[in-house]
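The values are calculated or read from the model by the stated rules, or taken from the named source; none is laboratory data. None of these values were measured; they are calculated from a predicted model. Note: ideal-geometry Cβ built from the backbone for every residue, glycine included; neighbour counts use all protein chains shown.
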């Protein structure tokens, strides 16, 4: 408005029509002043506040009386110079300041982002007598913009400055006024709406809602808030956040209704974009096999990805980060890294062992990242963990293969060096054998031992190069019975019993001598484990599996192997026996793998050991006993 008093001159008598128009204008200005959501204030030439509206008191929290005692307490200290410069420019030069964004301070001390419009006030002679300031709270818009920045790398900027559309309807729902700002939002000029009452402001589908709100205001004389759509000139829908206020006459009856509509179309688009982004992130989180955990600063769990239940089997949701399922040996490392993350907000990667619901241990590689706010304060943490058990197992297998390769090369050299003199010794003893009639017993012992040395050298060669296995059908039951008969005397001396349970067992495909070597090695290990532990028994059973393999199970109740050493069984030169070489299980494992079988050991200290071996059966003889 250029001059507040230009339309209020009472120097000559007004006509009835002029008085009606004047009254409507007065009602419009008064209703807008009191019920608009923007804070409006008037100040004189001395920069003293002389009038504020309800929205001013509501938004800032100060009453007019309080402002008289502490003027401009709603302006932050560091912005008071800026504010004085703005108002001085308006009062001294008559400039109009619009869409100026700054910060004001509420009574509770909290900041509020506002959009200022400051205009000069003129008297009837055109002299500036003060200024009027309209402050619009844009805090919500700022929050939406910030949320969009954090969740999207590409986004559309919200419209920074919007002007409300003000409309007034009479009790008969006839539009009697609309503000010029309608052109900015809908493309229709102010005059087009004034000259055509048939031009709809509200979307036809939203007219029932509009009428219902109109009736509610008429009945309750209270303000209402709702959202409606309008159609722009090009036919596109525009969404408005609308507030309806009753304008009461002197008798307290509803004379007119004013609607203040704010364009929230861009905010709606932004919210939809944010929801789409969150939906994409949700789909990723719900289907990844990585374990994603979000916690607050105190370690309270805010989110667990579904993979925790799908992979780890955790059906019970956790509320706090705990060490319950972390391996005891890894707990100190886990605590150390988690404390670094909490106290220093420093991202880091570490590995630890974790126990699934079924008791299985897996290796997790975990990375923790702090969640930082715009004030650079930590608001929580994101922990992303990945199961790397298979990768670690493959690396371990590779290390064992490299060790086996080195041992094989060493074994080949040793075998070659031993066989050369061995051949000479055996040859000369056989040459002298006819002349050793008086010492024939000693000669036989020497030849037997030389043959044993030759057998040991042959075993070393198994490690050095692939063997050409003479695969043929073998009766596993007969083989086991012969071995047990061979080892029975040694078992009886140590008070050890054999218990057998041979089920249906077709012939297997294998090399008899090598398989004998495997089973003798395992049974002798069991005998030695029981001998160190007291009397006991060795249980041997066979069972036909559905995958055309036979399972051989050998179990004893000996001293067992500690859990922490179990993973080392089969490694080169590792042994739990005082005089062991650490090659027996490694050679046995290699023989079984060469037969396309499997070799698995479980053991508990002071409870015993169980060895499970599977071997393929002869294809043509499946089903025969």
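Tabulated results
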item: Subset tally (residues that are surrounded by fewer than 20 Cβ atoms within 10 Å (Cβ to Cβ), in contact with a strand residue (DSSP E or B) (Cβ under 7 Å, 6 or more places away or on another chain) and assigned to a helix (DSSP H, G or I)) for the stretch 491-526; result: 1
item: Meets criteria (under 23 Å from residue 46 (Cα atoms), loosely packed, with under 15 Cβ neighbours inside 10 Å and in contact with a strand residue (DSSP E or B) (Cβ under 7 Å, 6 or more places away or on another chain)) for residue 105; result: no
item: Selection count where residues are within 16 Å of residue 37 (Cβ to Cβ) and surrounded by 13 or more Cβ atoms within 10 Å (Cβ to Cβ), scope the stretch 216-229; result: 4
item: Condition check for residue 66: at pLDDT 85 or above, in a helix (DSSP H, G or I) and touching a helix residue (DSSP H, G or I) at 6+ places or on another chain (Cβ under 8 Å); result: no
item: Considering residues of the stretch 366-388 that are over 19 Å from residue 299 (Cα atoms) and part of a strand (DSSP E or B) only, the residue farthest from the chain's Cα centre (by Cα); result: 387
item: Qualifying positions in the stretch 25-50 - farther than 26 Å from residue 140 by Cα, touching a strand residue (DSSP E or B) at 6+ places or on another chain (Cβ under 7 Å) and surrounded by 13 or more Cβ atoms within 10 Å (Cβ to Cβ); result: 27, 28, 43, 44, 45, 49
item: Residue that is nearest to residue 36 (Cα to Cα) [pool: residues in the stretch 230-253 that are in contact with a strand residue (DSSP E or B) (Cβ under 7 Å, 6 or more places away or on another chain) and surrounded by fewer than 16 Cβ atoms within 10 Å (Cβ to Cβ)]; result: 248
item: Residue in the stretch 188-204 that is within 20 Å of residue 236 (Cα to Cα), surrounded by fewer than 13 Cβ atoms within 10 Å (Cβ to Cβ) and at pLDDT 80 or above present; result: yes
item: Whichever residue in the stretch 527-536 is out of contact with any helix residue (DSSP H, G or I) (no Cβ under 8 Å at 6 or more places or on another chain) and modelled with pLDDT of 80 or more and, among such residues, is surrounded by the most Cβ atoms within 10 Å (Cβ to Cβ); result: 530
item: Index of the failed condition, residue 443 passing every other in (1) farther than 18 Å from residue 584 by Cβ; (2) loosely packed, with under 15 Cβ neighbours inside 10 Å; (3) at pLDDT below 80; result: (2)
item: Number of the exception - residue 346 against (1) exposed (fewer than 14 other Cβ atoms within 10 Å of the Cβ); (2) outside any strand (DSSP E or B); (3) modelled with pLDDT of 75 or more; result: (3)
